[in-house]
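A.B. asks: This is the structure I want to talk about, given as structure tokens.
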Amino acid sequence: MTAPDLSPPSAGLRGRRWAAFLVHVFTASGAVLGLLALDAAVRGSFAAMFGWLAVALVVDGVDGTLARRLRVAELLPRWSGDALDLVVDYLTYVVVPAYALLAAGLLPPVAEIPCLAAILVSSALYFADRQMKTGDNYFRGFPAVWNVVVFYLLLLHPEPWLAAAGVVAFTVLTFLPVVFVHPLRVRRLRGLNIAMLTAWAALALWAVVTDMRPDPAVTAALCAIALYFILAGLFRPHAVER
């Protein structure tokens, strides 16, 4: 049996471990951005809230690539990047938007607590689901992107009962055997998906800049892109998972 190597790590290895740890710090900074978004929502500045959430999305989109490139999981097995990512995502994708839904008064008063409870509980269960993705990288069920749902509710300002019905519908879809497309990881129509996501990001940024009151044409385009992404999952071959 070979004796374990108890010699201190080399300077190069220590440097790589520090770089890997900084990737975890970078991921965790999304929680700070979530707090800033929550503060904006408390002040009723929902455009600023979405601005902070947009920065958090950038962090969420970049940290995985950095982690793989710097071999974070191999160098720092003590810390789980996946768990850290889920903690931050639950704050930015679920908790902050849920509070904004309440603060904006978009729901009927009698439905506020039940709807928020449905969002928080269903999302917590979804994030704990080890089978949240299919083999070809589609999401099983609604992927708890309540930041997107609340974005559209604040953009469209539907009747409160209709907003509540939307919350119920997406909550139910969380547990149904339907799939939703991941715009970056699904190979089928990836080029088109990325182009649509890029267009959506530009239009959504314009909506934020205009304090969630863009031109009707921008609102219509945002709704059309949302419909595309919903249909891209529903009309995928074998879209319903048995």
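The values are calculated or read from the model by the stated rules, or taken from the named source; none is laboratory data. This one's a predicted model, so the numbers in the text were calculated from it and none came from an experiment. Positions of Cβ are backbone-derived with ideal geometry, glycine not excepted, and every protein chain shown enters the neighbour counts. Note: areas computed on protein heavy atoms with side chains; ligands, DNA, RNA excluded. Shrake-Rupley method; radii C 1.70, N 1.55, O 1.52, S 1.80 Å.
A.B. asks: Return a yes/no flag: does region 46-60 have any residue that is free of Cβ contacts under 8 Å to residues at least 24 places away in the same chain, over 14 Å from the mean Cα position of the chain (by Cα) and outside the structural domain of Thr210 (by the TED database).
C.D. replies: yes
A.B. asks: Determine, yes or no, whether Tyr99 is under 14 Å from Ala31 (Cα atoms) and either in the same structural domain as Asn147 (by the TED database) or hydroxyl-bearing (Ser, Thr, Tyr) (or both).
C.D. replies: Answer is no for this residue.
A.B. asks: Let me spell it out: the conditions are (1) in a helix (DSSP H, G or I); (2) over 15 Å from Gly30 (Cβ atoms); (3) open to solvent by less than 50 Å² (accessible area, probe 1.4 Å); (4) of a type in the set (A, V, I, L, M, F, W, C), and Ala54 meets all of them except one. Which number is the exception?
C.D. replies: The single condition Ala54 does not satisfy is (2).
A.B. asks: Name the residue, out of Ala98, Ala103, Ala118, Ala124, that is under 25 Å from Val179 (Cβ atoms) and surrounded by fewer than 16 Cβ atoms within 10 Å (Cβ to Cβ).
C.D. replies: From the options Ala98, Ala103, Ala118, Ala124, the qualifying one is Ala124.
One line per residue, one yes/no per condition, for (1) at pLDDT 95 or above; (2) on the phi < 0 side of the Ramachandran plot; (3) exposed (fewer than 15 other Cβ atoms within 10 Å of the Cβ):
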site	(1), (2), (3)
Ala195	yes, yes, yes
Ala202	yes, yes, yes
Asp211	no, no, yes
Val218	yes, yes, no
Ala221	yes, yes, no
Ala226	yes, yes, no
Ala232	no, yes, no
Arg236	no, yes, no
Val240	no, yes, yes
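A.B. asks: For region 165-205, which positions are hydrophobic (A, V, I, L, M, F, W, C) and touching a Pro at 6+ places or on another chain (Cβ under 6 Å)?
C.D. replies: Phe180, Leu197
A.B. asks: Does Thr134 qualify as being more than 20 Å from Ala40 (Cβ to Cβ) and either touching a residue at least 60 places away in the same chain (Cβ under 8 Å) or under 15 Å from the mean Cα position of the chain (by Cα) (or both)?
C.D. replies: yes
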